[in-house]
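The values are calculated or read from the model by the stated rules, or taken from the named source; none is laboratory data. Everything numeric in this text was worked out from a predicted model, so none of it was measured. With ideal geometry, Cβ positions are generated from the backbone for all residues, glycine too; neighbour counts draw on all protein chains shown.
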Amino acid sequence: MLHRLRNVWRPEVFHYHHRLARGRGEFEGWYLKVVDAAGVQPYAFIPGVFLGDDRHAFIQVLDGRRGRAVYHRFPLERFAASRERFEVTIDGNRFATDGIALELGGDASPAGQRVRGALRFGPWHPWPVTALSPGIMGPYSFVPFMQCNHGILSLDHALEGHLEVDGVHSSYDDGRGYVEKDWGRSFPAGYVWTHSNHFAAPGTCLSAAVATIPWLTGAFRGFIIGFLHAGELHRFTTYTGSVLESLDMSDTHLRLRIRNRRHRLLVEAAKREGALLHAPYERQMIERVAETMTSDVQVRLVRLDDGAVVFDGLGRHACLEAQGDLDRVLDG
């Protein structure tokens with residue numbers, strides 16, 4: 001019990017050790033995005049476990065360039081995780097704070113994909129964790145009945161190393177990485193999410209999510225948006241009193257406008273074709289989340305007091321998801 005309480009302030013570690021033997025619908029997964037220096041080959045690696053009716057471990061591989069997602073499935077006993085830090089191994093594939101090492105698939109794999117190689121991660125830039133606000137969820141981290149918990153473990157970090165995927169060799173030296181995670185019972189019924197840390201200004205990152213959040217007998221529209229620039233994290237969240245002024249989506253773009261006490265943030269992300277990822281839904285893992293890694297996102301940060309433009313730039317290799325009951329997300 002004490003260990004689980006400590007984990008409130010450690011969003012990066014595995015939370016469901018106590019559920020491995022008797023879980024009844026929980027899931028937990030990490031999302032590790034890696035992009036090479038030239039932006040030619042973006043990938044997302046998603047290791048995790050599903051503890052519902054079909055209990056198993058998995059590693060999803062999202063090939064951003066080809067718009068292809070492959071789901072590698074493993075018996076649950078091949079999953080192991082540290083209780084003290086982010087370090088997960090699945091059938092010998094390792095995912096940790098310092099990097100990843102992969103020997104995945106091959107001719108005998110039902111998934112029909114082979115991934116080999118290792119990447120080293122530079123220092124992470126996590127969403128701050130404090131006593132009263134344990135990460136991006138803020139005080140909602142203390143609520144035991146949340147449908148889905150979210151953590152941003154690294155907004156931006158450097159990469160070194162090489163990967164070989166289906167015979168194609170790529171260098172990730174001087175590339176950039178990003179890491180987040182989710183755990184709980186199910187993804188939200190509807191949500192939009194976009195991310196990029198490939199702006200002209202180094203060390204700049206946007207992560208923005210708006211979702212329908214079940215709450216007691218109803219639901220509300222929640223948002224957790226962070227923009228890192230020049231070493232400062234600008235936070236726009238439900239629990240800090242930020243105001244989502246507008247959110248709309250057309251066939252080609254997602255646009256949002258939000259303000260906190262000091263700044264207004266304007267985001268416009270271009271929609272692109274993507275691939276279907278597996279996600280938890282009603283005690284099953286099914287293909288239900290369409291994600292692209294080849295969008296562009298325009299970001300503009302303006303000071304409220306004098307209208308000065310703090311930042312105006314384009315993020316490349318942006319991820320974009322828009323899933324589920326979007327009418328409710330867009331209308332609030």
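Need the failing condition index for Asn149 against (1) under 20 Å from Glu291 (Cβ atoms); (2) part of a loop (DSSP other than H, G, I, E, B), just the number.
Single failed check for Asn149: (2).
From Ser186, Ser196, which residue is in contact with a strand residue (DSSP E or B) (Cβ under 8 Å, 6 or more places away or on another chain), within 26 Å of Ile258 (Cβ to Cβ), modelled with pLDDT under 95 and small (Gly, Ala, Ser)?
Numbers: Ser196 fails: modelled with pLDDT under 95.
After ruling out the rest, the residue left standing is Ser186.
Quick check on my filter: what residues within segment 125-140 are surrounded by fewer than 19 Cβ atoms within 10 Å (Cβ to Cβ) and either touching a Gly at 6+ places or on another chain (Cβ under 6 Å) or at positive phi (or both)?
Result: Val129, Gly138.
From the list Leu254, Leu216, pick out the single residue that is farther than 21 Å from Tyr178 by Cα, of a type in the set (A, V, I, L, M) and either in contact with a Ser or Thr (Cβ under 9 Å, 6 or more places away or on another chain) or surrounded by 20 or more Cβ atoms within 10 Å (Cβ to Cβ) (or both).
On the way: Leu216 fails: either in contact with a Ser or Thr (Cβ under 9 Å, 6 or more places away or on another chain) or surrounded by 20 or more Cβ atoms within 10 Å (Cβ to Cβ) (or both).
From the options Leu254, Leu216, the qualifying one is Leu254.
Would you mind stating whether Glu180 is acidic (Asp, Glu) and closer than 26 Å to Asp325 by Cβ? Full working, then the answer.
Numbers: acidic (Asp, Glu): yes; closer than 26 Å to Asp325 by Cβ: yes.
Taking the combined requirement at face value, the residue satisfies it.
Among the residues of segment 201-222, which ones are part of a strand (DSSP E or B), of a type outside the set (A, V, I, L, M) and under 18 Å from His317 (Cβ atoms)? It would help to see each step written out before you state the result.
Within segment 201-222, the first condition is being part of a strand (DSSP E or B), and the residues that meet it are 205-215, 218-222.
Now restrict to residues that are of a type outside the set (A, V, I, L, M): 205, 207, 212, 214-215, 218, 220-222.
The answer is Cys205, Ser207.
Give, as residue ranges, the strands (runs of 3 or more DSSP E) completely inside segment 1-110 that count at least 2 residues that are under 24 Å from Tyr172 (Cβ atoms) and in contact with a strand residue (DSSP E or B) (Cβ under 7 Å, 6 or more places away or on another chain). Give the derivation first.
Values: elements: 26-35, 42-51, 56-63, 68-74, 79-81, 87-90, 93-96, 99-105.
It comes to 26-35, 42-51, 56-63, 68-74, 87-90, 93-96, 99-105.
Given the residues Leu32, Leu76, which is the only one that is under 15 Å from Leu163 (Cβ atoms) and of a type in the set (A, V, I, L, M)?
The match here is Leu32.
Residues Glu160, Glu164, Glu103: which one is under 24 Å from Arg85 (Cα atoms), loosely packed, with under 15 Cβ neighbours inside 10 Å and among the charged types (D, E, K, R)?
Details: Glu160 fails: loosely packed, with under 15 Cβ neighbours inside 10 Å; Glu164 fails: under 24 Å from Arg85 (Cα atoms).
Residue meeting the stated conditions: Glu103.
Quick check on this structure: which one of Leu254, Leu247 is of a type in the set (A, V, I, L, M, F, W, C), assigned to a strand (DSSP E or B) and touching a Leu at 6+ places or on another chain (Cβ under 6 Å)? Outline the logic, then answer.
Working: Leu254 fails: touching a Leu at 6+ places or on another chain (Cβ under 6 Å).
That would be Leu247, the only listed residue that is of a type in the set (A, V, I, L, M, F, W, C), assigned to a strand (DSSP E or B) and touching a Leu at 6+ places or on another chain (Cβ under 6 Å).
Taking interchain pairs and intrachain pairs at least six residues apart, which have beta carbon atoms under 8 angstrom, with the first residue in segment 259-272 and part of a loop (DSSP other than H, G, I, E, B) and the second modelled with pLDDT of 95 or more and of a type in the set (Lys, Arg)?
Asn260/Arg235; Arg262/Arg303
Would you say Glu180 is among the acidic types (Asp, Glu) and more than 27 Å from Arg272 (Cα to Cα)?
Working: among the acidic types (Asp, Glu): yes; more than 27 Å from Arg272 (Cα to Cα): no.
Judged against the criteria, Glu180 is not a match.
Which one of the conditions (1) crowded, with 18+ Cβ neighbours inside 10 Å; (2) in contact (Cβ under 8 Å) with a residue 40 or more places away in the chain; (3) out of contact with any Leu (no Cβ under 8 Å at 6 or more places or on another chain) does Leu276 fail to meet, given that it meets all the rest?
Among (1) crowded, with 18+ Cβ neighbours inside 10 Å; (2) in contact (Cβ under 8 Å) with a residue 40 or more places away in the chain; (3) out of contact with any Leu (no Cβ under 8 Å at 6 or more places or on another chain), the lone unmet condition for Leu276 is (1).
Yes/no per residue for (1) closer than 18 Å to Ala37 by Cα; (2) small (Gly, Ala, Ser):
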residue	(1), (2)
Gly105	no, yes
Gly112	no, yes
Phe145	no, no
Cys148	no, no
Gly151	no, yes
Glu160	yes, no
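When the residues of segment 1-44 are narrowed to those that are of a type in the set (Val, Ile, Thr) and within 16 Å of Gly151 (Cα to Cα), which ends up surrounded by the fewest Cβ atoms within 10 Å (Cβ to Cβ)?
In the first step, residues of segment 1-44 are kept if they are of a type in the set (Val, Ile, Thr); the result is 8, 13, 34-35, 40.
So of that shortlist, the ones also within 16 Å of Gly151 (Cα to Cα) come out as 8, 13.
Details: Val8: 16, Val13: 21.
Looking at the filtered set, the residue picked out is Val8.
Please count how many residues of segment 219-247 are under 14 Å from Gly138 (Cα atoms) and basic (Lys, Arg). Reasoning before the result, please.
First pass over segment 219-247, keeping only residues under 14 Å from Gly138 (Cα atoms): 222-226, 235-242.
Subset that is basic (Lys, Arg): 235.
Summing the residues that are under 14 Å from Gly138 (Cα atoms) and basic (Lys, Arg) in segment 219-247 gives 1.
Condition check: in a loop (DSSP other than H, G, I, E, B), touching a residue at least 40 places away in the same chain (Cβ under 8 Å), touching a strand residue (DSSP E or B) at 6+ places or on another chain (Cβ under 8 Å) and not polar (S, T, N, Q). Does Ala118 satisfy that?
Values: in a loop (DSSP other than H, G, I, E, B): no; touching a residue at least 40 places away in the same chain (Cβ under 8 Å): yes; touching a strand residue (DSSP E or B) at 6+ places or on another chain (Cβ under 8 Å): yes; not polar (S, T, N, Q): yes.
Here the answer is no, as Ala118 does not meet what is asked.
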